[in-house]
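Have a look at the structure below before the remarks.
The values are calculated or read from the model by the stated rules, or taken from the named source; none is laboratory data. This structure is a prediction, so every number in the text was calculated from the model and none was measured. Here Cβ is always computed from backbone atoms with ideal geometry, including for glycine, and neighbour counts include all displayed protein chains. Heads up: the accessible areas ignore ligands, DNA and RNA and are worked out on the full protein's heavy atoms, side chains in. Shrake-Rupley method; radii C 1.70, N 1.55, O 1.52, S 1.80 Å.
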Amino acid sequence: MWTARKILSTMLFYLLWAAAFVGGTTFGWGAPEEPAAPSFTLPSECEPDFVRLDNGRDLSGWYPARASGEELPDVAGWEVRDGAICLEASRARANLFSRHTHSQNCIIRLQFRASPGADSGVFIHGKQFQVRDYPGSLPDTKRYAPYARPAGEWNELEFDITDGIAVVRLNGQVIERRWPIGERAELGIGLQREVGDFAFRLIRIKEKPAGSKPQAMEVTLPGPAGQQPVAKTPTRRPNIIVFITDDQRWDTLGIMGNPIIQTPNIDSLGRQGVVFDNCFVTTSICAPNRACIFTGQYASRHGIWDFQTPLSEEQLRNSYVGQLKAAGYWLGFIGKWGVGDPPKNYFDYDRAWPGQNNYLHWIGGKVVHLEDMMADQAEECLRLAPADRPFCLSFSSKAPHCQDGDPDRWLKNPRFAGLYERHPSQFFYQPRFAPLYQEVTIPPAPLSEPQFFESLPDFLKNSENRVRWKIRFATPEMYQETVKAYYRLITGVDETIGRMLKVLRERGLADNTVIIFSSDNGFYLGERGFAGKWYPHEVSIRVPLVIYDPRLSAELRGKRRQEMVLSIDIAPTVLELAGLPVPPSMQGRSLVPLLRGESPPWREEFYYEHLFEHPLIPKTEGVRTTRWKYFRYLVDPPYEELYDLRVDPHEAKNLASDPRYTAVLNELRAKTESWRNQVRK
């Protein structure tokens with residue numbers, strides 16, 4: 001039986017329910033607890049500590065795919081108009097996914113605009129969240145309608161994700177408190193093709209520490225009248241770009257005195273940074289020396305003498321990338337890893353590949369040059385790098401390394417036939433650079449006279465260096481075309497540097513990003529009748545090194561340092577720039593004191609070793625001092641060379657058999673023995 005008290009309670013309940021319904025509050029029954037905020041202001045630009053995934057110009061960094069993540073070739077129906085990614089669902093055949101990956105602890109924000117009755121969605125780690133014209137939508141999302149703007153107007157959607165569970169906000173109001181994201185982290189963020197026309201813009205993301213509490217939408221409060229809000233900029237460690245080319249000798253930059261080659265962007269870095277005129281590698285071959293660059297160790301210490309052996313877990317952990325990763329740096333790697341297979345799931349932006357790769361690719365019915373592909377990736381990586389974490393991008397170019405093997409195997413392929421009017425030898429530059437250097441005559445290489453080659457011992461006359469010389473430099477015409485093609489590849493590298501600098505300026509990162517530019521080894525361009533590298537002559541072991549640090553004061557910029565620096569110094573330099581301790585396992589020295597204009601006691605000699613196994617490349621070891629160079633080929637019997645670099649910079653006169661230099665020879669032999677034992681400890 002109904003009592004009067006029950007009747008009054010029931011009436012009061014329904015009156016409160018009706019008032020709540022009209023007011024837009026449903027007391028937590030699957031709908032928001034927060035009242036609608038019609039005064040919510042849409043952000044007009046990416047917040048400083050977020051990374052924007054759409055660039056407002058094109059679909060760079062996005063790819064068409066099924067919901068499963070399987071990439072598809074057809075991007076029809078998706079395009080960028082008026083700064084937004086627009087979907088015409090009737091034409092689209094695929095969803096659109098970002099190549100940016102993110103953790104289970106982050107904030108994702110985006111803006112969307114739906115046509116009347118349109119239906120789309122946002123994928124997060126493979127799970128779809130329905131995004132629609134909410135006021136005109138189906139019952140399962142109708143409850144979001146009070147917080148949505150009408151069709152044709154922009155809305156702001158936020159996913160505040162903690163340990164894989166998202167608080168979802170629409171125009172600043174909570175619409176879901178515990179929405180679990182998907183489990184396929186490799187898929188990142190995706191936009192769904194469904195029904196009607198949609199537009200998305202300002203898609204941005206911010207990583208946060210694991211277990212962080214969900215954050216409220218940030219509000220910028222105005223300052224006193226006439227003043228703009230002042231943002232607090234925390235002290236940040238610098239961003240770092242380590243840019244390593246392949247087979248680029250020291251004198252192939254304008255700033256290094258080459259009057260022919262065009263490298264304006266790298267030259268500009270040198271004029272505003274610090275140029276090291278005497279930088280050397282301790283092993284002149286790509287894989288072992290790339291391991292040297294990563295670890296800061298001599299090859300005899302890290303023990304990698306082939307192309308298959310990867311860094312061990314401990315070596316990777318103690319490398320500059322491992323130390324930066326442990327310190328919270330956001331890591332990108334693009335290009336030739338060079339030390340076995342690249343580590344999996346290690347980099348935040350990963351475009352590393354094993355081996356040598358190929359310059360010419362056929363993608364989407366057209367020729368795509370590897371260096372252009374890598375430049376696109378560099379732009380994408382720099383746009384995705386978070387603003388609230390320091391980043392390190394290691395860019396490892398194939399250029400100007402040759403395309404190994406018979407070049408006609410590529411050039412006679414119907415897809416690539418006609419790319420070059422003149423045969424590029426093994427150096428497949430971007431065809432647009434063909435006009436460069438056409439009207440120039442490259443001077444002959446020092447010591448390239450036939451009589452010099454004839455004076456060499458037989459094991460060198462029959463070495464791999466001579467085999468490759470015949471492919472590249474056997475005639476004056478081949479020499480001209482090969483060197484010009486090599487130069488064009490380097491100019492292509494310089495263009496990539498310019499594109500990277502442009503993105504840094506656009507993102508406001510240029511004043512806190514250090515750029516280190518160098519190469520993995522030098523290169524013979526016909527000297528001594530050789531091609532390739534491997535031996536410890538200057539052209540083979542001397543490489544460019546330019547360090548641009550925009551934080552340096554004006555009086556420290558544009559300097560040239562003459563100290564003897566090594567590629568094993570790069571890793572400790574990176575770590576000190578990042579404010580990190582240098583592991584005791586590293587044998588190189590940080591160059592930061594030299595960048596600061598200091599003059600500490602410095603090395604006056606270094607040990608060179610090349611113990612790579614090859615039947616036509618004899619092993620070598622020796623010592624280079626500021627004046628002398630001694631080395632020996634480890635053949636039977638050993639063959640020695642000794643040069644006085646002060647009077648013989650091209651190493652034309654071998655003094656090893658001259659009795660007047662016996663004392664110098666014996667001293668350097670002893671140094672070699674001592675160094676060999678020392679570097680292996």
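Could you tell me which of the residues ARG389, ARG468 is within 24 Å of the chain's Cα centre (by Cα) and charged (D, E, K, R)?
Testing whether each residue is within 24 Å of the chain's Cα centre (by Cα) and charged (D, E, K, R) leaves just ARG389.
Determine, yes or no, whether LYS232 is at pLDDT 85 or above and basic (Lys, Arg).
Here the answer is no, as LYS232 does not meet what is asked.
Residues checked against (1) touching a residue at least 12 places away in the same chain (Cβ under 8 Å); (2) of a type in the set (A, V, I, L, M); (3) part of a strand (DSSP E or B); (4) closer than 30 Å to LYS206 by Cα:
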position: HIS361; (1), (2), (3), (4): yes, no, yes, no
position: VAL367; (1), (2), (3), (4): yes, yes, yes, no
position: ALA378; (1), (2), (3), (4): yes, yes, no, yes
position: ASP388; (1), (2), (3), (4): yes, no, no, yes
position: LEU393; (1), (2), (3), (4): yes, yes, yes, yes
position: GLN403; (1), (2), (3), (4): yes, no, no, no
position: ASP406; (1), (2), (3), (4): no, no, no, no
position: LEU419; (1), (2), (3), (4): yes, yes, no, no
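Residues of the stretch 475-517 being free of Cβ contacts under 8 Å to residues at least 60 places away in the same chain, in contact with a strand residue (DSSP E or B) (Cβ under 9 Å, 6 or more places away or on another chain) and crowded, with 22+ Cβ neighbours inside 10 Å, which ones?
The answer is THR482, VAL483.
Are there any pairs with C-beta distances below 6 angstrom linking a residue in the stretch 140-168 that is charged (D, E, K, R) and open to solvent by less than 40 Å² (accessible area, probe 1.4 Å) to a residue that is modelled with pLDDT of 85 or more and in a strand (DSSP E or B), with the two at least 6 apart or on different chains, and if so which?
Cβ pairs passing all conditions: GLU156/GLN111; GLU158/ARG109; GLU158/ARG169; ASP160/ILE107; ASP160/VAL167.
Starting from residues that are farther than 14 Å from CYS106 by Cα, part of a loop (DSSP other than H, G, I, E, B) and not small (Gly, Ala, Ser), keep the ones in the stretch 177-209 and report whichever is most open to solvent (accessible area, probe 1.4 Å).
GLU183
Answer yes if at least one residue in the stretch 479-486 is farther than 29 Å from ASP267 by Cβ, part of a helix (DSSP H, G or I) and hydrophobic (A, V, I, L, M, F, W, C), and no otherwise.
No - not one qualifying residue is present in the stretch 479-486.
What's the total number of residues in the stretch 272-304 that are more than 27 Å from THR252 (Cα to Cα), open to solvent by 10 Å² or more (accessible area, probe 1.4 Å) and either in contact (Cβ under 8 Å) with a residue 24 or more places away in the chain or assigned to a loop (DSSP other than H, G, I, E, B) (or both)?
3
As an exercise: evaluate LEU384 against (1) over 10 Å from the mean Cα position of the chain (by Cα); (2) crowded, with 24+ Cβ neighbours inside 10 Å and give the number of the one condition it does not meet.
LEU384 satisfies all of (1) over 10 Å from the mean Cα position of the chain (by Cα); (2) crowded, with 24+ Cβ neighbours inside 10 Å except (2).
Condition test on ARG132, is it at pLDDT below 90, farther than 24 Å from ALA65 by Cβ, open to solvent by 10 Å² or more (accessible area, probe 1.4 Å) and of a type in the set (D, E, K, R)?
No: the conditions fail for ARG132.
Look at the stretch 623-681 and say how many of its residues are outside any strand (DSSP E or B), of a type in the set (D, E, K, R) and open to solvent by 20 Å² or more (accessible area, probe 1.4 Å).
Within the stretch 623-681, residues that are outside any strand (DSSP E or B), of a type in the set (D, E, K, R) and open to solvent by 20 Å² or more (accessible area, probe 1.4 Å) number 14.
Among the residues of the stretch 431-469 satisfying the criterion of being in contact with a helix residue (DSSP H, G or I) (Cβ under 9 Å, 6 or more places away or on another chain) and closer than 13 Å to TYR524 by Cα, which is most open to solvent (accessible area, probe 1.4 Å)?
Top of the filtered list is PRO444.
Evaluate the following for VAL582: is it of a type in the set (Val, Ile, Thr) and in contact with a strand residue (DSSP E or B) (Cβ under 9 Å, 6 or more places away or on another chain)?
no
Restricting attention to the stretch 361-379, report how many residues are surrounded by 18 or more Cβ atoms within 10 Å (Cβ to Cβ) and hydrophobic (A, V, I, L, M, F, W, C).
Residues that pass the stated criteria total 4.
So how many residues does the stretch 102-125 have that are closer than 17 Å to GLU158 by Cα and open to solvent by 20 Å² or more (accessible area, probe 1.4 Å)?
Number of matching residues: 3.
Sort through GLY355, GLY335, GLY340 and tell me the only one that's in a loop (DSSP other than H, G, I, E, B) and open to solvent by less than 10 Å² (accessible area, probe 1.4 Å).
One residue alone meets the criteria, GLY340.
Here are the criteria: (1) touching a helix residue (DSSP H, G or I) at 6+ places or on another chain (Cβ under 6 Å); (2) free of Cβ contacts under 8 Å to residues at least 24 places away in the same chain. Tell me which single one VAL635 does not satisfy.
So VAL635 meets the others, but not (2).
All but one of (1) without any contact (Cβ under 8 Å) to a residue 12 or more places away in the chain; (2) under 32 Å from the mean Cα position of the chain (by Cα) hold for LEU611, so report the exception by its number.
It is condition (1) that LEU611 fails.
Output the qualifying pairs, or none if there are none: Cβ atoms under 9 angstrom, residues six or more apart or on different chains, first residue in the stretch 454-470 and closer than 10 Å to ILE617 by Cβ, second residue part of a helix (DSSP H, G or I).
ASN465/ARG528; ASN465/GLY529
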